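As structure tokens, the structure follows; a few thoughts come after it.
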Amino acid sequence: MSSNICFSTTENVAVCPICPRACRLAEGQIGNCRSRRNENGKIVPLAYNAPCSVALDPMEKKPLFHFFPGQAVLSLGMAGCNLHCKNCQNASISQVSPLDIPSQNVTPQMLVEWLQKNNVQAVAYTYTEPLVSYEYVLDCAKAIHEAGFKNVLVSAGYINPKPLAELLPYLDAANIDLKSMSESKYLENSGIHLQPVLNSLKMFAKANIVLEVTNLVIPDFNDTEQDFQDWCKFIAQDLGVDIPVHFSRFFPQYQMTDRPPTPETTLHLAAKIAKEHGLKYVYCGNTAEDETTVCPHCGTPLIVRKGYQITKNIIKNGCCPQCGTAIYGRF
């Protein structure tokens, strides 16, 4: 395991440096994320070389619409999470310890060899919160980057600045979940603070990667016009109007079965407000509707999607073939 992150230790008590929870752990104690433990005065990830979920996904499933559309991405998920969202769709692996469920032995070098053999160009760290397995993600990302392949991160962004700064040079794309612009709602549903997520998003936006941001719209939680105004204002002013955004439809699950699926009209309202704030690439996810990338200058449909399938892609050299406008992303 390689990392330059320093650990604070006193009499075999260690403070985890990865996320703002800063869990202070005695020898043998496991942190809030269930995935990190104090071993001999050092915090180590329990899922190093041990993903519990490995699958080949379409890039659009992450969702990433502006990063090599239509390509397959090898996706890894490690057990544990430093959030405890009541609506988690992967609670069976996110809210357990790596010690409690089966895993596979997958080393960074094994990933590189698999990519080379199967002609797949990217790996995604996804499904739960990959950053609680930080050292494993960092080592994989370094090996994959050095071999000429791509790294994708799907995360809630609850990480301290120092480890994020160390990881960013090895990432090529990320989709970050911004649940709300309300501190109280973050605490209520996920058990974390909002500001560290906003700080991370600003770091992602300044890095040389493709960034997309997702908002899961939950009825009677974060679905008012003011919620959307606040959310879109932050994206436009602090991240930039080129950043693609995804308003995703909620379905009842886990501990949040007390409300119906999000009406599609609510997603349409969110999309309308996003466009009013000048956001150029706005998508409504988890619906039966096509999600089409259009040129923000002339309106030409550039990439037409049906579910995770691309039925049309006319982008040429990263530009609209009709008017020549550069389209955000890597194609």
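Any read-out appearing in this document is the output of simple, stated calculations on the displayed coordinates, not a laboratory observation. Computed from a predicted model, the values in this text were never measured in an experiment. Positions of Cβ are backbone-derived with ideal geometry, glycine not excepted, and every protein chain shown enters the neighbour counts.
With +1 on each Lys and Arg Cβ and -1 on each Asp and Glu Cβ, and nothing else charged, work out how big the dipole of the chain is about its Cα centre, in Debye to the nearest 20.
460 debye
Pairs K61/K179; K150/K280; K162/K202; K150/K206; K179/K275; K117/K206: which exceed 23 Å Cα-Cα?
K150/K280; K117/K206
Run through the DSSP bridge list for the stretch 51-178 and note the antiparallel percent, rounded to the nearest 5.
Around 35 percent of the beta bridges assigned by DSSP in the stretch 51-178 are antiparallel ones.
Can you give me the relative contact order of the stretch 290-331 as a percent, contacts being Cα pairs under 8 Å and 6 or more apart?
29 percent
Please list, in chain and number order, the residues 5+ apart from K306 or on another chain whose amide H is under 5 Å from its amide H, with Hs placed from the backbone.
T311
Within straight cross-link reach of K185, meaning Cα distance under 17 Å, which lysines are found once same-chain residues fewer than 8 apart are removed?
In chain and number order, the partners are K86.
Please get the size of the charge dipole for the stretch 167-314, origin at its Cα centre, with Cβ charges of +1 on Lys and Arg and -1 on Asp and Glu, quoted in debye to the nearest 20.
Charge dipole of the stretch 167-314: 400 debye, to the nearest 20.
Using amide H atoms built 1.01 Å from N in the peptide plane, name the residues 5+ places from T325, or on other chains, whose amide H lies under 5 Å from its own.
Excluding prolines and chain starts, which carry no amide H, the hits are C320.
Got a sec to turn the phi values of the stretch 96-106 into Karplus ³J(HN,Hα) couplings, 6.51 cos²θ - 1.76 cosθ + 1.60 with θ = phi - 60°, whole Hz, x for Gly and Pro?
Once rounded to whole Hz, the list reads 9, 8, x, 6, 9, 9, x, 9, 10, 8, 9.
Just the number, please: percent antiparallel of the DSSP beta bridges in the chain, rounded to the nearest 5.
For the chain, the DSSP antiparallel bridge percentage is about 50.
Listing K61, K312 from the residue with the fewest other Cβ atoms within 10 Å to the one with the most, what is the order?
Listed from fewest to most nearby Cβ atoms, that is K312, K61.
Neighbouring Cβ atoms within 10 Å as the yardstick, rank Y158, Y186 fewest first.
Exposure proxy ranking, most exposed first: Y186, Y158.
Could you check which residue among I314, I303, I218 shows the biggest mean-square fluctuation in a GNM of the chain with a 10 Å Cα cutoff?
In this elastic network of the chain, the residue with the biggest mean-square fluctuation among I314, I303, I218 is I314.
Specify whether the C-alpha gyration tensor of the stretch 189-236 places it in the rounded, prolate or oblate class, a ≥ b ≥ c being the square roots of the eigenvalues: rounded for a/c under 1.5, otherwise prolate if a/b is larger than b/c and oblate if not.
prolate
Give the label of the value calculated from the structure for volume of the Cα convex hull per residue in Å³, choosing from (1) 141; (2) 127; (3) 163.
Answer by label: (2).
How far is it, in nm, from the label point at C319 to the one at H145 when both lie 7 Å from their Cα along the line to the Cβ?
3.0 nm
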